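S.K.: Quick one: structure below, then a few questions.
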Amino acid sequence: MASPPEGVEPAVIHAWSAPRSLSTSLMYSFSERDDMDVLDEPLYANFLRVTGVDRPYRQELLSKMDPDGNKVVKEVIFGPGEKAYRYCKHIAKQRLPNLTGDLMKKGKHFILIRNPMNILPSFDKVVPPSFLELGVAELVAIYSELCELGSPPPVIDADDLRRDPEAVLSGLCEDLDGKLAQGNFDGIWAPWWYESVHTSTGFSKSRRYPMTFPFAFYDLLEQSLPFYNMLKRQVRRTTGSLLPPPPDPPLPVPENKKILVWVGDELLPRDSARVSVFDSVVQGGDAVWEGLRIYDGKVFKLEEHLDRLFDSTKAMAFSNVPSRDWIKDAIFKTLNANGMFNNAHIRLTLTRGKKVTSGMSPAFNLYGCVLIEWKPPVYDNSHGIKLVTATTRRNSPNSVDSKIHHNNLINNILAKIEGNLAQAEDAIMLDQDGFVSETNATNIFMVKKGIVLTPHADYCLPGITRATVMDLVVKENLVLHERRISLSEFHAADEVWTTGTMGEITPVVMIDGREIGDGKIGPVTRQIQSAYKVLTAGLGVPIPRNAEA
């Protein structure tokens with residue numbers, strides 16, 4: 001690239017980072033370009049003057065560098081030069097409110113991040129570390145401001161840079177060059193850049209094992225990591241990245257991408273809604289849950305679901321269980337915050353709590369948490385679904401009683417895998433004697449010669465929707481039998497449907513390749529579906545809402 005005419009401003013590249021982030025090594029790499037002028041922390045004197053912070057070299061630095069930040073921005077950073085490009089290494093904390101807005105509006109910016117876990121062990125070689133000295137919050141502010149200005153900056157991670165400098169730097173140059181090209185500047189940087197990297201001293205490889213962390217800085221690590229993780233999600237992935245994440249899959253409900261979830265005692269964004277690795281649900285599936293539906297501003301069968309939740313906690317010997325009113329309040333707050341007032345599904349999970357140390361003993365648990373998310377119906381209730389029979393048997397009360405609505409669902413998941421492999425929506429599970437129990441996710445009913453039958457709830461969850469439908473069958477003047485039912489009876493049934501809070505009443509049109517009835521939704525199924533729809537429209541606990549202003 002040719003040098004610009006004398007007196008023409010070079011294209012300025014701003015590199016923003018926290019201290020100890022390989023920023024100096026990166027600056028030296030850019031300095032090897034013959035068309036690149038380099039400035040090392042040109043705003044440092046302004047930072048010392050305005051903040052008054054002490055450094056061993058404070059007086060010497062103030063005597064040699066111009067402490068007038070805005071003068072530096074105008075005359076040094078954006079002043080005329082002899083080379084096509086000017087690279088400015090900036091430490092994020094040095095961007096102070098007294099500086100002109102041109103600093104962010106002019107030039108091309110990128111952000112260099114590094115995990116605080118790797119910064120802190122060597123940080124105090126010069127100054128004691130602090131949240132302000134790290135400047136990770138300021139890095140997030142810089143990123144946000146540039147996004148608001150319409151120029152989201154590339155973000156690179158120092159660990160990726162060490163692992164594969166050629167891939168990371170070529171990607172960075174591609175991002176910057178694409179933006180520079182919009183300003184009618186020359187060239188593609190990548191081919192030129194490879195040779196420069198190879199002829200330089202290079203970046204040292206990352207340690208295979210981390211340094212022992214100075215645990216005096218543990219609180220500072222906790223404060224800093226959320227800011228680093230926010231920027232980490234913006235990193236440009238390369239072939240050299242360690243365990244590059246797969247692309248985000250499409251969500252069945254787009255609203256779930258930006259959802260507020262209740263965890264513990266607060267609402268959190270989706271990606272921040274997490275439980276500890278020490279939580280009992282992570283360590284052993286030790287939790288109970290309920291699924292609830294929202295219809296027209298009301299929670300359907302709320303009290304019944306809470307009754308079963310508390311029954312399950314008693315059976316599991318939970319302690320420190322939140323009160324019914326507290327759980328209701330958490331549900332209502334979450335629904336209001338998300339605007340979930342219709343066609344929503346609540347996944348309510350109550351864990352035994354977070355453990356003070358790993359182990360099976362409930363004595364290690366301290367408190368529980370509540371999780372809620374929005375989902376639509378997942379079954380095709382208009383045309384019906386197909387089922388296959390799984391070889392995985394339903395739990396016996398001799399092992400894990402299915403009347404406890406617990407989170408240890410491996411038994412059901414194994415059956416669901418069989419259904420997936422057979423390209424069926426769900427799988428029928430038999431009890432230990434070979435009689436039909438339920439599907440991997442729902443209760444099941446059948447109709448033969450006008451009589452409605454459903455299995456005993458000996459090996460299956462006595463679902464709330466199941467009980468509701470049993471009441472509706474009687475109210476609709478139909479005959480109901482609850483008894484053991486063999487698989488062949490289901491194969492020969494006139495009609496079959498499944499029930500669950502999530503799917504409501506779902507017709508089954510085929511089991512194990514056998515067409516049920518004439519393969520269409522039967523009249524009794526439609527009758528119960530209609531009765532259930534009327535019921536959901538009229539019943540439910542209203543969701544309290546703030547009075548309109």
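S.K.: Here's a check for you: in the stretch 425-457, which residue that is of a type in the set (Gly, Ala, Ser) and open to solvent by 10 Å² or more (accessible area, probe 1.4 Å) is farthest from Leu478 (Cα to Cα)?
M.R.: The qualifying residue farthest from Leu478 (Cα to Cα) is Gly434.
Condition check ((1) open to solvent by less than 10 Å² (accessible area, probe 1.4 Å); (2) modelled with pLDDT of 80 or more) across all residues:
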site	(1), (2)
Ala330	yes, yes
Ala337	no, yes
Arg347	no, yes
Lys354	no, no
Ser358	no, no
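This table checks each residue for (1) closer than 28 Å to Tyr379 by Cβ; (2) modelled with pLDDT of 85 or more; (3) among the acidic types (Asp, Glu); (4) surrounded by fewer than 19 Cβ atoms within 10 Å (Cβ to Cβ).
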| position | (1), (2), (3), (4) |
| --- | --- |
| Ser241 | no, no, no, yes |
| Pro249 | yes, no, no, yes |
| Gln283 | no, no, no, no |
| Val299 | yes, yes, no, no |
| Asn320 | no, no, no, yes |
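S.K.: Let me ask something additional. Taking the criterion of being β-branched (Val, Ile, Thr) and under 20 Å from the mean Cα position of the chain (by Cα), would at least one residue in the stretch 334-341 satisfy it?
M.R.: Yes, the conditions are met somewhere in the stretch 334-341.
S.K.: Same structure again: Based on what the data block shows, is Ile404 touching a residue at least 12 places away in the same chain (Cβ under 8 Å) and open to solvent by less than 10 Å² (accessible area, probe 1.4 Å)?
M.R.: Against the criterion (touching a residue at least 12 places away in the same chain (Cβ under 8 Å) and open to solvent by less than 10 Å² (accessible area, probe 1.4 Å)), Ile404 does not qualify.
S.K.: From the list Ser21, Ser29, pick out the single residue that is at pLDDT below 85 and out of contact with any Cys (no Cβ under 6 Å at 6 or more places or on another chain).
M.R.: Result of the check over Ser21, Ser29: Ser29.
S.K.: Which pairs have Cβ atoms under 7 Å, sit 6 or more apart or on different chains, and link a residue in the stretch 300-327 that is in the same structural domain as His405 (by the TED database) to one that is buried (at least 20 other Cβ atoms within 10 Å of the Cβ) and of a type outside the set (Asp, Glu)?
M.R.: Every condition considered, no pair remains.
The values are calculated or read from the model by the stated rules, or taken from the named source; none is laboratory data. Computed from a predicted model, the values in this text were never measured in an experiment. Using ideal geometry, Cβ is built from the backbone for each residue, glycine included, and neighbour counts are taken over all protein chains shown. All accessible areas refer to the heavy atoms of the entire protein, side chains included, with ligands and DNA or RNA removed. Shrake-Rupley method; radii C 1.70, N 1.55, O 1.52, S 1.80 Å.
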